[in-house]
Every structure is written in C-alpha cells, then in structure tokens.
Amino acid sequence: MKISYATHTAWSNPGSFRSRLYGLPDAPRKLADVLENFMIHHGTAHLLDVSVPEFAEIDRSLRTVERLLSAAIVRDRRPLSVQRDLSAYLYVGSRDFALMAASVLRSNGIEARLRAGFADYFKTGWWEEHWLCEYRWEGEWKLLDAQLGWRARGAYGIDFEVDDVPRNRFLSAGQLWLAIREGKIRAACCGQFRTGISGIWLPAASILKDTATLCGIEPLPTDHWGPAIDFSRNRAVSVKAYEELDALAQTFMDPPQSPFEARSLVAKFPWAKPGSAITNIVDDVPHDVFVHSQPTVRPVHVYARIQEARANS
C-alpha cells in the first residue's frame, strides 16, 4: 500500500470511533468552527476566564485521536456536531486541534500533516509556539489553524481566513530557527507567553518535532528525544548543535511530498529521529512513541468503546 499524507498514522486513526467523524465537514473552512463544539484550547479557556475542570487537565496528554474521541464521548454521547456545555469539552492544545483536523481530512482522503512552529497572531511582537494542520487542496499546500473556531477568533481578534493562514504569520520551527540565525527575529520573543518560557532552545527542540511529523510520527509538544532532551533541561543549545540544526532546517525548507521522502531526508540526520522511546518533560520519564503499533488503550477508553458498541448494536 502506498503511504501518503492521506494515510492515517497511529495517532490520527480514530479506530472504533471512525463513525463519529462522519458528521463533521471535510471542507477545511468549516472544520474549525465544528471542532469548537467539543474542544477548546487550554490557553483560550484561561483568556476567556473559563475554568478548566480538574479531570480535564489530562486531556493534553491523551496523545491520539482515538483517545480524544473516547474522552469526548464519555463526557457527552451526542454527535460531535452538537455544541456541548463547557464542562463536557476537551481542554487541549494546538497540536490536538491540528491532529483532530488531520484525522477528519485523512478520513475523507485529503492529504494532511501536522506542522510544529510558531505564530505571530496571538500577541503583537511575539512568536508563540504553535501547531497547525497543513493540507493539500486543489494541488496546493495550505495551512489550517483548526484551533481558531468562532470563539477563539473573537478572543484573539483574528482577521484572516483560518483555512489559509498567511505563510508570514506562521513559520515552521526550521523557518523560525533560520530567521533567528540570520538576525531577523529575536529568540527572546519566541516561546510560550503565558508561561513565560522563551529562548532559542524552543525552536531548536521544535525542529525535531516538525521533522518527525513530516515523517508520519506525531508527538506531543512536551515530547523530546535526542539532543532536544538536553535543550529542554538546560534551556540552551550547544555550539555543535547549532551547525547540525542549521543543516536540518535547510534540508526541510522545501517540505517533502510524502512521508517516505521525509524519512529519506532525515536518514542523513540519525540524531533527529525518535527512537523506541522519548522523554516527556512534564513527568521526565520515557514513553513509548508507538512508531510501529497502536498505543495501549486506558481503562476509561475501553469503557467508552463498550458503550459505543452497545449504542451501535
């Protein structure tokens, strides 16, 4: 079977909840508004003074679409096209919105991939660490910010089409890295504004994540491997790593057209590839990245699967 960006990964595969996506639009322009029926960005919730339920703090670690859908169904069994009460929402990050959008698009045969990078439209003069869904539409690759539904657009004052984000408003991690190296952007103005985390180590670590997504591996924003583990722990980039990252960023300036092409390119940079395990900086322990198999389902998701089967029987 030919693997393309329209092929599900272990992370984007909705599994037994595939039918739940059927009622969602496959037109990217409409997708962001519909996703906001059951998902809200953790930061947007804080901006709007919406309290994040304690049980929802784990949402940003669910890792796969199947787990995200399972959690959403446990909280509210109605179709995903129906807007929920905020207490039943998923409280997630931009990566999860991008992954959910990619899952819907791939389920409809549309090529889609995650991109890890930085956006300048959340705060003036600041490049926020961010994830988008890049999709091929009528032969052209476009950027979809699936996080920017009607509620988020109003909160952030967005004035562009979210299914065609201007290329100068979002830079991939590699693009931002090279812009910093050329003196066009200050590293101190890149990071996570609300948490106060910034510095050149963030785009350095994000380059590896963006490269991984192009290869068909879709990690969490808090996942690190190889030299990025030291970047995250030391909040610094070694002299040797600067030149290596320059070469990696330059190699992927023209994004590959398939996961196979991406893997061929990254083979020249073995230190950039995730191994059998990565380290998540939230708990600082190794986690299986499920490169070859579907992640193990937690008990709550097993329960949701049973309920789904009963509902469809």
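Checked against (1) loosely packed, with under 13 Cβ neighbours inside 10 Å; (2) of a type outside the set (Gly, Ala, Ser); (3) at pLDDT 50 or above; (4) outside any loop (DSSP other than H, G, I, E, B), Asp254 passes all but condition (4). Within the stretch 102-114, residues that are in contact (Cβ under 8 Å) with a residue 60 or more places away in the chain and of a type outside the set (A, V, I, L, M, F, W, C) have Cβ atoms under 9 Å from residues that are open to solvent by 40 Å² or more (accessible area, probe 1.4 Å) and assigned to a helix (DSSP H, G or I) in these pairs: Ser107/Arg18, counting only partners at least 6 apart in sequence or on another chain. Out of curiosity, is Leu132 surrounded by 24 or more Cβ atoms within 10 Å (Cβ to Cβ) and either among the aliphatic types (A, V, I, L, M) or without any contact (Cβ under 8 Å) to a residue 60 or more places away in the chain (or both)? Yes, satisfied.
Residue pairs whose Cβ atoms lie under 7 Å apart, sitting 6 or more positions apart in sequence or on different chains, and linking a residue in the stretch 232-251 that is on the phi > 0 side of the Ramachandran plot to a partner that is open to solvent by less than 20 Å² (accessible area, probe 1.4 Å), are Arg235/Gly199; Arg235/Trp201. Of the candidates Glu36, Glu66, the single residue that is within 29 Å of Glu138 (Cβ to Cβ) and either in contact (Cβ under 8 Å) with a residue 60 or more places away in the chain or within 15 Å of the chain's Cα centre (by Cα) (or both) is Glu36.
Conditions tested, residue by residue: (1) open to solvent by 10 Å² or more (accessible area, probe 1.4 Å); (2) at pLDDT 95 or above.
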site: Leu69; (1), (2): no, yes
site: Arg78; (1), (2): yes, yes
site: Ser87; (1), (2): yes, no
site: Leu90; (1), (2): no, yes
site: Asp96; (1), (2): no, yes
site: Leu99; (1), (2): no, yes
site: Leu105; (1), (2): no, yes
site: Ile110; (1), (2): yes, yes
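Being of a type in the set (Lys, Arg), in a helix (DSSP H, G or I) and closer than 15 Å to Glu134 by Cβ is a property that Lys240 lacks. Among the conditions (1) within 18 Å of the chain's Cα centre (by Cα); (2) of a type in the set (Phe, Trp, Tyr); (3) surrounded by fewer than 23 Cβ atoms within 10 Å (Cβ to Cβ), Trp137 misses just one, which is (1).
Taking the stated definitions as given, is Ile229 under 13 Å from Ala272 (Cα atoms), open to solvent by 30 Å² or more (accessible area, probe 1.4 Å), in contact (Cβ under 8 Å) with a residue 40 or more places away in the chain and part of a helix (DSSP H, G or I)? Taking the combined requirement at face value, the residue satisfies it.
Remark: pairs (first residue in the stretch 1-24, within 11 Å of Leu68 (Cβ to Cβ) and outside any loop (DSSP other than H, G, I, E, B); second residue of a type in the set (A, V, I, L, M) and open to solvent by 20 Å² or more (accessible area, probe 1.4 Å); Cβ separation under 6 Å; 6+ apart in sequence or on different chains) are absent. Among the helices (runs of 4 or more DSSP H) confined to the stretch 44-156, the ones with at least 2 residues that are more than 19 Å from His8 (Cβ to Cβ) are located at 65-75, 150-156. State whether the residues of the stretch 157-169 include one that is in a loop (DSSP other than H, G, I, E, B), of a type in the set (Val, Ile, Thr) and open to solvent by 60 Å² or more (accessible area, probe 1.4 Å). Within the stretch 157-169 (the criterion being in a loop (DSSP other than H, G, I, E, B), of a type in the set (Val, Ile, Thr) and open to solvent by 60 Å² or more (accessible area, probe 1.4 Å)), the answer is no, since none of the residues qualifies. Residues in the stretch 170-197 that are aliphatic (A, V, I, L, M), within 19 Å of the chain's Cα centre (by Cα) and open to solvent by 40 Å² or more (accessible area, probe 1.4 Å): Ile197 alone.
The values are calculated or read from the model by the stated rules, or taken from the named source; none is laboratory data. Note that the coordinates shown come from a computational prediction; the quantities given were computed from them, not determined experimentally. Don't worry about glycine lacking a Cβ; one is built from the backbone with ideal geometry, like all the others, and counts go over all protein chains shown. These area figures cover heavy atoms from the full protein model, side chains too; ligands, DNA and RNA do not enter into them. Shrake-Rupley method; radii C 1.70, N 1.55, O 1.52, S 1.80 Å.
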